[in-house]
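Following: one structure in structure tokens, then a few remarks.
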Amino acid sequence: MAWTAPRTWVDGELETAAIFNPHIRDNFLAAGPHLVVRKPSDESVTSSTTLQDDNDLLLAVGVSEIWQVELDLYVTGGGGDLQLAWTYPAGGAVVMQSVAPNATNTLTYWNVTAASGVAFADYDTSSVTTRFFKVEGLYIGAGTGGTLRLQWA
């Protein structure tokens, strides 16, 4: 739905659905959804380098939609690395960035345009038992809809 310039109301005017819908309902829809996806419980993987689909961190995307993604990860464990990747519909693209510790425990800036299912970051979690990671970016859709899903190992 396209944005409609807000109407100037007149005293005594009879308000109808035809007047209200494009100026109120449709403008709220045009502003876009605000989707928050939370992981309700921990998910554990031990000593695996094989990317797996996350059970909860996913969203349905429509044809040619663009989504801004902000991912806050609180990781516990230690003794290995965290690898992240995305799967998404054919023709789409993911552009993500993050600042996080690398394998030598120094901050590294990750800025990647990823192919579907390709690990774009390898975060070092071996030196501590808990870490916080922030990943931000865009999903840019193309000719097909489907699911944008986080993968990790």
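Relative to the current alpha-carbon distance between residue 63 and residue 108, full extension at 0.36 nm per residue lengthens the span by 12.8 nm. Relative protection proxy for 83-95, 9-21, from highest mean packing down: 83-95, 9-21 (other beta-carbon atoms within 10 angstrom). Computed from the C-beta positions of residue 4 and residue 39, the FRET efficiency with R₀ = 35 Å rounds to 0.40.
Compared with the direct C-alpha span, the chain from residue 93 to residue 30 gains 20.4 nm at full extension, assuming 0.36 nm per residue. Net charge of the neighbourhood of residue 15, taken over other residues with C-beta under 14 Å away and scored Lys/Arg +1, Asp/Glu -1, is 0.
Peptides 60-71, 132-143, 40-51 ranked from most to least packed give 132-143, 60-71, 40-51, packing being the mean of other C-beta atoms within 10 angstrom over each peptide's residues. Per 0.36 nm of contour for each residue apart, how much would the distance between residue 17 and residue 70 grow if the chain were fully extended, relative to their Cα-Cα spacing? Full extension of this stretch gives 15.4 nm more.
Quick note: the coordinates plus some simple rules give every number you see, no bench work behind them. Quick caveat: nothing in here was measured; it's all calculated off a predicted structure. Glycine also receives a Cβ, built like all others from the backbone with ideal geometry; neighbour counts cover every protein chain displayed.
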